[in-house]
Amino acid sequence: MIARLRRWIPAIGVFVAFIALWEAVVRVFDIQGFILPAPTAILAAFPGAWPEVWPASIGTFLSALGGLALGTTLGILAAAGAARWPMVRDGAMPLAITANSTPIIVLAPVANAWFGLLSPWSTIVVVAVLVFFPVMINMVRGLLSTSASELELMASYAANKRTLLWKLQLPGAMPYMFSALKVAAALSLIGAIVKEYFGGSQARLGQYLTLKAGNFQFEEVWTAILLASAFGIGLYLLITLVERRYMGWHVSVRAAKV
Amino acid sequence: GGDDDGGELTPVNLQLQWFAQAQFAGYYAAVDQGFYEDEGLDVTILEGAVEIVPQQVVASGQAEFGLAWVPKALVSNEEGAGLVNIGQVFQRSGTLMVSWADSGITKPEDWADKTVGNWGFGNEFELTAAIEKFGVQNVNLVAQNFDMEALLNREVDAAEAMIYNEYAQVLEATNEATGSLYQPSDLNVIDFNDVGTAMLQDSIWVSEEWLASNEDVAEKFLKASFRGWMYCRDNPDECVEIVLEAGPTLGTSHQTWQMNEINGLIWPSPNGIGVMDQALWDQTIEVATSQGVISADPGSGAFRTDLAEKALADIDGDTTGSSWTRVEVTLNPGGE
Amino acid sequence: MTDFAVSLAAVSMIFETAGGSVHALDDITIDVRDGEFISLIGPSGCGKSTMLRLVGDLLVPTEGNVAVRGKTARQARLDREYGMVFQSSTLLEWRKVAANVELPLEIMGVPPEQRASRAREMLALVDLTGFEDNYPWQLSGGMQQRVSIARALAFEPSILLMDEPFGALDEMTRERMQMEVLQIQKQTGTTIIFVTHSIPEAAFLSDRVAVMSPRPGRIAEVIEIDLPKPRVFETREDPAFFAAVTKVRESLRGFEAFE
Amino acid sequence: MTDFAVSLAAVSMIFETAGGSVHALDDITIDVRDGEFISLIGPSGCGKSTMLRLVGDLLVPTEGNVAVRGKTARQARLDREYGMVFQSSTLLEWRKVAANVELPLEIMGVPPEQRASRAREMLALVDLTGFEDNYPWQLSGGMQQRVSIARALAFEPSILLMDEPFGALDEMTRERMQMEVLQIQKQTGTTIIFVTHSIPEAAFLSDRVAVMSPRPGRIAEVIEIDLPKPRVFETREDPAFFAAVTKVRESLRGFEAFE
Amino acid sequence: MVQPAADNAGRPFQLPRRYRTIVSFSLIVIALAVLWESYKWMGQTTGGVWPGTSLGLPVRTNNRAMPHLWDIVAALFRPARRGGDEILLVTLLEAAMFTFRSAFAGFLVGSTFGFGLAIWFIRSPLAERGLMPYVVASQTVPLIAIAPMVVIWGGQAGLPTWLAVAVISSYLCFFPVAINSLRGLRSPPATATELMRSYAATPHEVLTKLQIPAALPFLFPALKIAATASVIGAIIGELPAGLSVGLGRALLSFASSFSSAPEKLFGAVLLSSLLGVLFVGLVALAERRLIPENRRIAEIPEFAT
Ligand SMILES: Nc1ncnc2c1ncn2[C@@H]1O[C@H](COP(=O)(O)OP(=O)(O)OP(=O)(O)O)[C@@H](O)[C@H]1O
Ligand SMILES: Nc1ncnc2c1ncn2[C@@H]1O[C@H](COP(=O)(O)OP(=O)(O)OP(=O)(O)O)[C@@H](O)[C@H]1O
Ligand SMILES: [Mg+2]
Ligand SMILES: [Mg+2]
């Protein structure tokens, strides 16, 4: 338990140092609030902002989670298809890249036109598109990284492709999948917030940010940014925990523990 | 009075609220026609985007001049931006609430129990003021994108639209039922100038601090800009061309429409272009304070007319545009 | 023809590599009787593992034909006739020891409780009781090899292809494992093709020993081991056993001398 | 004390695993003389590889102390005293065979031409000329093992730790490799700690054989092999050789019987 | 690690890889096009519900949400605006070239930084534990909210604008590279690490001779992700930069006139996506050169039934 706490000391230390530095810089150089508000000012803005920013964060976070789930699922499915049929891989990869390189700012109006401004699906789908590619490309590599001898073993059991996928390729792809998930988790929040800049319900972080920035309330803007970060870090930690639980066998997790 | 000391131009930046379009034609024309150069200024026009707040850009010193709506700039000032309005270019508000003719929304009270779109970003104050002013109940406010999809898809019952831009976009869209463009008769329009909650829009802002030592630059900038706008009043088609050059992807008929409507927001300028109309200022402040947009009257220091007046004194030609008349513009599909 | 469990007819295998083509096996013809224990012995790199792979349909011969119980090797594989012990133990690193042993049972649809008890039984057989919950990397080399033997035996295949299964085991453990395999073969009539480098091991276990010559791998001689069955501990003291060992050794040295 | 190449004093090693702790080595005390060839022999899982890792400073003992030429094991490692042959061949899969052999030379800063010629020489020694440009996966198991032997010998370490280096080799190749290693040791005075499962091999090669008992691994007996040096092919016919083999075997069976 | 067996012995005929890519890509494109048009046709015929039901379709089918594909293609070959002489495609290509520069610079800087960060973290677990949460946080800070600040700070520091854009682009790039590299650098087998230890190899040698080669399979997917992210980042970065050139600008102006001229936006989307494809293609090319044959994506052999 103490050892566990000790793991967090560096992170907390950096946090304290960073905040102190931030505050000092703002004070010493007398930086105006609209360029960079001081941490104390942001903290002071929290109680006032809370009733508005908290529900907005929850709404955004849920959309991000929904998109993350959808995009990850589709990414894994597509990767499974691509790993199984080279034809799919050759044809679908360029398309996946195409979809992914579509900047969110244009996905937003298209998604609004497709699903409706007010439909939660427009945000979920934008996030899913954004998340899809990192998951798929990592998973394709992961699914195809099984060693020849393991394949031979499965072949000797006349394992069919489904068994191969479930018992060999998917577990073997776990190191890739968890890396992809970490990237995807971060992307999902960016995606959701940027999408919300382009309309939809007003009780969302993206809208909150535009409103407060437009009103020059940058302390409030930063409360939203900090909340988004907190959610992002939480999601990341959750993934890391699951990773440690289910991937303790992998050398990269063992190596990280030392 | 040009600068005589041999072509040493003073570089300054102008931050727009949005990307190049006829809304900013006067400034582009002033660059194109060399009006700024005449004043010894080298003006770089910085285009805007969704997330750009011109007040922030000006306050942080990235641009000397910024365009902003009056209420938005006043909000910024309450947060310490320290900006001064030195030229009130638009004399009236260009904001409309557009709804379908069959929805029967003809006055603010009809918004009750309806879904009403707005842009946020400080562009919504006229709407919220009207809602309050008429005591409209149960308005479901949603953020609309900067296109008119929400209205076209009937996701919202009424949508915010600028007369020079989004309103035109609806009229450039094809009615799939008839196969031809939507017509003004398909739409009901509520004009905030009529509602009485109109607020002053595009105006030129500088930081107080900067202005203290640069009044001459400010005056020169105003002079050249006003000449640009006058040029666009008298030569709208040329100005449309200039704007099209700046943004090679814009629609021609759309910009022509916009030029015409923008001229309508500027002209006539009874006190001369850029000089604040105190009555409209007072209305803006009153609406803004009563809405809680700003907490208190900013007082008389928030705008100055002296610089604009001095600039006007230097300009030959019609600075009030009392004889300007609107022309008929035909919109093409897609604004082309 | 269908009497034979495995028949290789004029089988050749050539690998193409960047450094040129490697002629691994040349004109291999041999028939393995049903229930037979046959050993392959030969110098390192002569193609023993390749031959097992050909029989197991993990490689397709460049030339020639492999038949298994009158079927193609492929069909036999699909019919799950083979159990394989690979030269490297090839355990799945994300599975604990018991789960590795259960793998073939899972694939073949054995219900969970049965799988678990079978795995326990097999691990006891290879003397690894108590290591069920370890991961492969927590085992010694010989222990890993024993897990892979347990895994191959777990589902009672009709043909066992074993590639140096006892290579990393000490003499005592090796002898015990030899007896276990013979015991299992006697009970189930499994046909076993067995690769080893130990001449006494080959002689002790086999009905026949195929001696292979180096690259390109050919079958130099097939030696019948005329020892009574079942083989017991005392077999090793039998003069016929020594004779067989000597015969195999001489056969192996034979082509060495030519080199 | 500094006369000894390697000294283990009261060394214990305990591994913590999810399934409980494994007491791998218990109270190991042994001194290895400079230039000595010592073999470790013992049942699978008794801790032989663990002991090599402790000497090579790849593991740190739970208790006790390892000294190498009067230094700590760590210092000896940093001084590059060790050459290791691991139980699994551990070739880097992205390097061709020759590049794998060159790896330690690269790290030790040998110039490229010298590296290349040294690698060629070593590959010839292990009889793999012609396979320089193959990737490891294109080699047979025994060939991979030989590459890893070539790699360990390439930089002439002063202490060689070899974990079943000849396990996957046929008898002939094994004998040739044994002679090569003895030859190299004679020339360079290398100290060799050697793990094997083959009793004759241990007897033939070693000055002393340490017989280990199973879990927790202990040194049951250290047997001096009193055979003339250099060992030659005929040594295997020497009655003293058979006596040594029998002695080791009996020592090994000894604690088996107790179990 | 392709099994040689997979090629011969009566396996179905397979096109060479190059053609296979073209053929299957075209097939999928055609299939999607047919799907698009028939879905649209169905929606328009039934008035936006599933045939025979009153269940609404998930995606609208009007001409704005789903313009006819031929209209989109035609828009690319019409002048960008009436009276202009440059067709939209050329205008967009010019914009794309501009954006590519920032994106490429951002990609290089971001990937290098991400990789460097991963190396630092594997060397110093303390640094990892201290900084990793903030690396993650950096990615959840909405880029679009800080892009204007970066541009402002960059301007104050006197950077050329395209460089500020590149910085924003690199900000999106470095994270996937850092995460995947971190995993990859830790992935060499334990025995290989022991081998290097036994040579007392310096951390630098362990890195170059063991960890980096072992990390390549993880690195390349990350670089592909970074490649597409760099384009997205550059486009987002261009918006607050107040530039009048670049894809970001073009996309924003088409997005704002989406209601009246949707085909143009779709055309621009197509082109900016192709920029990403091109970029990823370059990375794939590098991958093919850098990873030896046997370590590249293995085909699953036709073993399985
Ligand atoms: N996938 C492959 N690609 C190229 N060459 C190969 C491949 N597999 C095996 N070879 C070559 O075929 C020959 C025979 O290899 P094989 O593994 O069958 O030998 P082996 O008899 O099992 O040897 P060992 O006793 O050392 O395991 C070797 O020369 C080897 O280099
Ligand atoms: N990393 C580890 N974690 C946990 N247990 C381990 C680890 N490494 C070895 N062990 C345990 O230590 C004991 C000794 O292992 P070691 O590898 O030294 O045996 P060995 O004598 O080399 O056996 P073999 O002859 O089979 O190679 C075994 O019981 C093994 O399970
Ligand atoms: Mg072999
Ligand atoms: Mg061992």
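The values are calculated or read from the model by the stated rules, or taken from the named source; none is laboratory data. The shown structure was predicted, so the numbers you read here are calculated from the model rather than taken from an experiment. Ideal geometry is used to build each Cβ from the backbone, glycine not excepted, and the neighbour counts take in all protein chains shown.
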I'd like to know if the stretch E:121-132 contains one or more residues that are under 25 Å from E:Leu275 (Cα atoms), assigned to a helix (DSSP H, G or I) and within 12 Å of chain A (Cβ to nearest Cβ).
no
Can you tell me which residue is modelled with the highest pLDDT among those in the stretch C:147-168 that are within 12 Å of chain D (Cβ to nearest Cβ) and more than 18 Å from C:Ile38 (Cα to Cα)?
C:Val147
Within the set of pairs 6+ apart or on separate chains, which have a first residue in the stretch C:34-51 that is in contact (Cβ under 8 Å) with a residue 40 or more places away in the chain, a second that is within 9 Å of ligand 3 (Cβ to nearest atom) and charged (D, E, K, R), and C-beta atoms under 7 Å apart?
C:Leu40/C:Lys48; C:Gly42/C:Lys48; C:Ser49/C:Asp163
Within the stretch D:91-99, can one find any residue that is under 19 Å from the mean Cα position of the chain (by Cα), within 16 Å of ligand 3 (Cβ to nearest atom) and surrounded by 22 or more Cβ atoms within 10 Å (Cβ to Cβ)?
yes
Residue that is surrounded by the most Cβ atoms within 10 Å (Cβ to Cβ), among those in the stretch A:223-257 that are within 7 Å of chain E (Cβ to nearest Cβ) and over 14 Å from E:Ser138 (Cα atoms):
A:Ser252
So B:Thr178 passes all but one of these: (1) free of Cβ contacts under 8 Å to residues at least 12 places away in the same chain; (2) in a loop (DSSP other than H, G, I, E, B); (3) under 30 Å from B:Val43 (Cβ atoms). Which condition number does it fail?
(3)
Consider B:Ile315 carefully, then state whether it is aliphatic (A, V, I, L, M), under 18 Å from the mean Cα position of the chain (by Cα) and either within 14 Å of another protein chain (Cβ to nearest Cβ) or surrounded by 16 or more Cβ atoms within 10 Å (Cβ to Cβ) (or both).
no
Looking at (1) touching a strand residue (DSSP E or B) at 6+ places or on another chain (Cβ under 9 Å); (2) more than 16 Å from ligand 1 (Cβ to nearest atom); (3) within 11 Å of chain D (Cβ to nearest Cβ), can you tell me which one C:Ala98 breaks?
(1)
Could you please find all residues in the stretch C:156-186 being assigned to a loop (DSSP other than H, G, I, E, B) and surrounded by fewer than 20 Cβ atoms within 10 Å (Cβ to Cβ)?
C:Glu156, C:Ser158
Read through the list (1) within 14 Å of chain E (Cβ to nearest Cβ); (2) surrounded by fewer than 20 Cβ atoms within 10 Å (Cβ to Cβ), then give the number of the only condition that B:Ala112 fails.
(1)
Would you confirm, using the coordinates I've provided, whether C:Ser49 is under 22 Å from C:Glu201 (Cα atoms), out of contact with any strand residue (DSSP E or B) (no Cβ under 6 Å at 6 or more places or on another chain) and at pLDDT 90 or above?
no
I'm trying to understand the selection: among the residues of the stretch E:249-274, which are more than 8 Å from chain B (Cβ to nearest Cβ) and either under 28 Å from E:Phe174 (Cα atoms) or under 14 Å from the mean Cα position of the chain (by Cα) (or both)?
E:Leu251, E:Ala268, E:Val269, E:Leu270, E:Leu271, E:Ser272, E:Ser273, E:Leu274
Name the residue that is farthest from A:Val221 (Cα to Cα), counting only residues in the stretch E:148-194 that are without any contact (Cβ under 8 Å) to a residue 24 or more places away in the chain, hydrophobic (A, V, I, L, M, F, W, C) and within 13 Å of chain A (Cβ to nearest Cβ).
E:Ala192
Hey, D:Met177 within 16 Å of ligand 1 (Cβ to nearest atom) and in contact with a Leu (Cβ under 7 Å, 6 or more places away or on another chain) or not
yes
Of these, B:Thr249, B:Thr330, which one is within 13 Å of chain E (Cβ to nearest Cβ) and either touching a Gly at 6+ places or on another chain (Cβ under 7 Å) or surrounded by 15 or more Cβ atoms within 10 Å (Cβ to Cβ) (or both)?
B:Thr249
All positions within the stretch B:28-56 that are out of contact with any Ser or Thr (no Cβ under 6 Å at 6 or more places or on another chain), more than 7 Å from every other protein chain (Cβ to nearest Cβ) and assigned to a helix (DSSP H, G or I)
B:Tyr28, B:Ala29, B:Val31, B:Asp32, B:Phe35, B:Tyr36, B:Glu37, B:Asp38, B:Pro54
Residue pairs qualifying under the 7 Å Cβ cut-off, at least six apart or on distinct chains, with the first in the stretch B:74-91 being without any contact (Cβ under 8 Å) to a residue 60 or more places away in the chain and the second being part of a strand (DSSP E or B), are B:Ser76/B:Leu83
Is it the case that the stretch C:100-119 has a residue that's away from ligand 3 (no atom under 16 Å from the Cβ) and either touching a Cys at 6+ places or on another chain (Cβ under 7 Å) or among the hydroxyl-bearing types (Ser, Thr, Tyr) (or both)?
yes
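Quick grid of which residues meet (1) buried (at least 21 other Cβ atoms within 10 Å of the Cβ); (2) facing chain D (nearest Cβ under 8 Å); (3) within 16 Å of ligand 2 (Cβ to nearest atom):
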position	(1), (2), (3)
C:Leu105	yes, no, no
C:Gln114	no, no, no
C:Val126	yes, no, yes
C:Gly130	no, yes, yes
C:Leu139	yes, yes, yes
C:Gln144	yes, no, yes
Among D:Val6, D:Val85, which is more than 10 Å from ligand 2 (Cβ to nearest atom) and away from chain C (no Cβ under 14 Å)?
D:Val6
Would you mind stating whether C:Ser44 is assigned by TED's automatic domain parsing to the domain that holds C:Thr190, within 16 Å of ligand 3 (Cβ to nearest atom) and surrounded by fewer than 24 Cβ atoms within 10 Å (Cβ to Cβ)?
no
